[in-house]
Amino acid sequence: MIDEPLSLATATARLTAPGQVFELEDRVVGDVAMTVWKNAPSSLRDILEMTRRYGEREFLVYGDERVTFEAHYRRVATLTHRLHDLGVRVGDRVAISARNLPDWVCAYWGIVTMGAIAVPLNAWWTADELRYGLADSGARVLFVDEERLERVRALFDELVDVERVIVLRSSGLDEPVADEHDRVRVVALDDLIGTVELDAEPIDASLDPDDDATIFYTSGTTGRPKGAVATHRNIVTNLMNLFFISQRSSLRFGEGPPDATRYPNANLLNIPLFHATGCLAVMVVNAAAGGRLVMMHHFDAGQALALIERERITAIGGVPTVVMQILDHPDFQRFDTSSVRLVSYGGAPAPP
């Protein structure tokens, strides 16, 4: 710590000076002149490659299931080839409708790494809402969990664009699912991927920073949900912004990085991955930073406290009510929450 913190302007100038990681430059993006991060990765594919440095460090935790960064990379790399074999190409839309699962994360990275466009759909949507989202996005392939599969089966005759349905956390599904629906073929993700090679690398794809990467749907409070498109540059810029803010704060107040040897970075994911916050602000950032992502089947304050203690969670977030439910839980004092360094929330006003 220092007696007098640096001003925002001084800290910003130091970090963005020529030759620094956060150096800025002016570019024309589309028809718009803007200032961009000069040294930013060019695409999400580059972010995935960056995660290899974390090797056998744990990336995803779901119950007793644990996935390392290296295992995740190889599975994603293999998936890109399988999707290509199914005819998926750069710019094709591929939807995901499932609860938070490790394979949701694998599907997302597989889609964006090969240059297709990931379309996360609200897992709570009704069949009619799913029909709309799939038709509006023009998705050719749909990843679902078994709960959503039952909801989608009734729509097979109406899904004009969807050719393949890939089921997460299932195996041994028949293909095709039924003779009368042989246009929409169903396969389990594990069966599709098959054996993951130890030297697996993603399929070659030429990606531009301004290629579309994702379509997230709004809540549709005044009508049908609207698809909000984000490019690779949009998502990588968000990542760089967050890293810059963290570095600037440390520089201003003379703080070193947190002691990761005592409590390695671990984020409790209680926000749906189909929401931009859960996917882009938590999952993607966590992957790039080498943090562990502890996933919940559904939010429960008591379970959250148990996971905080067991997994030594360092960061939690969500809407204010989620944070308050944790703090107000009758057994709060029984759990060790000393590892938590960051509590973030948004989307609604918070009590004092």
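For the range 10-34, a residue qualifies if it is among the polar types (S, T, N, Q) and either under 26 Å from ASP208 (Cα atoms) or outside any helix (DSSP H, G or I) (or both), and the qualifying residues are THR16, GLN20.
Quick one: how many residues across the range 278-291 are outside any helix (DSSP H, G or I) and either out of contact with any strand residue (DSSP E or B) (no Cβ under 7 Å at 6 or more places or on another chain) or crowded, with 23+ Cβ neighbours inside 10 Å (or both)? Explain how you work it out, then say what you get.
Step one: list which residues in the range 278-291 are outside any helix (DSSP H, G or I), which gives 290-291.
Still in the list and also either out of contact with any strand residue (DSSP E or B) (no Cβ under 7 Å at 6 or more places or on another chain) or crowded, with 23+ Cβ neighbours inside 10 Å (or both): 290.
Looking only at that region, the number is 1.
Taking residues in the range 80-109 that are touching a residue at least 40 places away in the same chain (Cβ under 8 Å), and partners anywhere that are assigned to a loop (DSSP other than H, G, I, E, B) and among the aromatic types (Phe, Trp, Tyr), the pairs with Cβ atoms closer than 8 Å and at least 6 places apart or on different chains are ILE96/PHE274; SER97/TRP125; SER97/PHE274.
Could you tell me which of the residues THR321, THR337 is over 20 Å from the mean Cα position of the chain (by Cα), without any contact (Cβ under 8 Å) to a residue 60 or more places away in the chain and either over 19 Å from ILE271 (Cα atoms) or not in a helix (DSSP H, G or I) (or both)?
Working: THR321 fails: either over 19 Å from ILE271 (Cα atoms) or not in a helix (DSSP H, G or I) (or both).
Only one candidate qualifies: THR337.
Hey, any hits in the range 61-84 for a residue that's surrounded by fewer than 21 Cβ atoms within 10 Å (Cβ to Cβ) and among the hydroxyl-bearing types (Ser, Thr, Tyr)? Taking every residue of the range 61-84 in turn, at least one turns out to be surrounded by fewer than 21 Cβ atoms within 10 Å (Cβ to Cβ) and among the hydroxyl-bearing types (Ser, Thr, Tyr).
For the range 57-171, which helices (runs of 4 or more DSSP H) that fit wholly inside it have 3 or more residues that are closer than 17 Å to ILE215 by Cβ?
On the way: elements: 69-85, 102-113, 127-137, 146-153.
In the range 57-171, the matching helices (runs of 4 or more DSSP H) lie at 102-113, 127-137.
For every residue, the table says whether it meets (1) closer than 25 Å to ALA13 by Cβ; (2) surrounded by 16 or more Cβ atoms within 10 Å (Cβ to Cβ); (3) aliphatic (A, V, I, L, M).
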{"residue": "ARG185", "(1), (2), (3)": "no, yes, no"}
{"residue": "GLU201", "(1), (2), (3)": "no, no, no"}
{"residue": "GLY220", "(1), (2), (3)": "no, no, no"}
{"residue": "HIS232", "(1), (2), (3)": "no, yes, no"}
{"residue": "VAL236", "(1), (2), (3)": "yes, yes, yes"}
{"residue": "ASN241", "(1), (2), (3)": "yes, no, no"}
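Note on the range 292-313: residues that are of a type in the set (A, V, I, L, M) and in a loop (DSSP other than H, G, I, E, B) total 2.
Of all residues in the range 14-46, exactly one satisfies the criterion of being over 17 Å from SER246 (Cβ atoms), more than 30 Å from the chain's Cα centre (by Cα) and either modelled with pLDDT under 95 or surrounded by 10 or more Cβ atoms within 10 Å (Cβ to Cβ) (or both), namely ALA17. The residues of the range 254-293 that are modelled with pLDDT of 95 or more and of a type in the set (Phe, Trp, Tyr) amount to a single one, PHE274. Among residues of the range 158-185 that are over 26 Å from PRO102 (Cα atoms) and at pLDDT 65 or above, those with a beta-carbon under 9 Å from a residue that is assigned to a strand (DSSP E or B) and of a type in the set (A, V, I, L, M) at least six positions away or on a different chain give the pairs LEU159/LEU142; LEU159/VAL165. Does any residue of the range 317-333 turn out to be small (Gly, Ala, Ser) and modelled with pLDDT under 95? Yes, there is a match, as at least one residue in the range 317-333 is small (Gly, Ala, Ser) and modelled with pLDDT under 95. Would you mind stating whether ALA315 is without any contact (Cβ under 8 Å) to a residue 60 or more places away in the chain, among the aliphatic types (A, V, I, L, M) and in contact with a helix residue (DSSP H, G or I) (Cβ under 7 Å, 6 or more places away or on another chain)? So ALA315 fails the test.
The values are calculated or read from the model by the stated rules, or taken from the named source; none is laboratory data. If you're wondering where the values come from, they're calculated on a predicted model, not measured in any experiment. Quick reminder, even Gly has a Cβ in these numbers, built from the backbone with ideal geometry, and neighbours come from all protein chains shown.
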